[in-house]
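One structure is given here, and the rest of the page talks about it.
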Amino acid sequence: MASIFTRIHQGSIPGEFVFRSERWFAILDIRPANPGHTLLIPVAEAQYLANLPGATQAELGLHLCRLTAAVKRATGCPAVNVVVNDGPLAGQEVPHAHLHVIPRWEDDGKGFRFNGKADPALAATAGKLRAAWGD
Ligand code: AMP
């Protein structure tokens, strides 16, 4: 069955579109974290960014940069969070890859901290990542 985002793209479910292009489109999130919360969505359905077709991946950066600028201009927000929940354990509810562009204002009550801590295995992890990058 087509994902909810594909059904919005195809017009069987309503959506507030920001733009449509051959490989990407953007809509407003129906439950915005802040006003102007926008979803950047590939037309191709894949759950993970890494599984999108190459031509779609290649256009991601341009669309994302343009969209963050448009969200700031339209809402007047001084900052945005760009969030990807790339898998259910990361909070992904809709299994069709997408990026959240969330306007942020001072004292908007949203916060955002990873609460990271020092990691004695940092160098070993970097080695694993360098090997994975080369695969
Ligand atoms: P995620 O948790 O990263 O999968 O986020 C999915 C997002 O899709 C949530 O923020 C939802 O509010 C949003 N969403 C779900 N259904 C719709 C819809 N029909 N139109 C717009 N946004 C939606």
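Values in this text are rule-based calculations from the coordinates and carry no lab data. A quick note: this is a predicted structure, and the numbers were derived from the prediction, not measured. A quick note on method: Cβ atoms are made from the backbone with ideal geometry, for glycine too, and the neighbour counts reach across all protein chains shown.
Anything in segment 38-82 that is under 19 Å from residue 9 (Cβ atoms) and hydroxyl-bearing (Ser, Thr, Tyr)? List them, or say none.
Once the filter is applied, which keeps residues that are under 19 Å from residue 9 (Cβ atoms) and hydroxyl-bearing (Ser, Thr, Tyr), segment 38-82 yields 38, 48, 56.
Name the one entry in 76, 61 that is in contact with a strand residue (DSSP E or B) (Cβ under 9 Å, 6 or more places away or on another chain) and of a type outside the set (Phe, Trp, Tyr). Walk me through it before giving the result.
Details: 61 fails: in contact with a strand residue (DSSP E or B) (Cβ under 9 Å, 6 or more places away or on another chain).
76 is the lone residue from the list that is in contact with a strand residue (DSSP E or B) (Cβ under 9 Å, 6 or more places away or on another chain) and of a type outside the set (Phe, Trp, Tyr).
Could you check segment 87-123 and list, in sequence order, the residues that are surrounded by 10 or more Cβ atoms within 10 Å (Cβ to Cβ), more than 9 Å from the ligand (Cβ to nearest atom) and either among the acidic types (Asp, Glu) or without any contact (Cβ under 8 Å) to a residue 24 or more places away in the chain (or both)?
108
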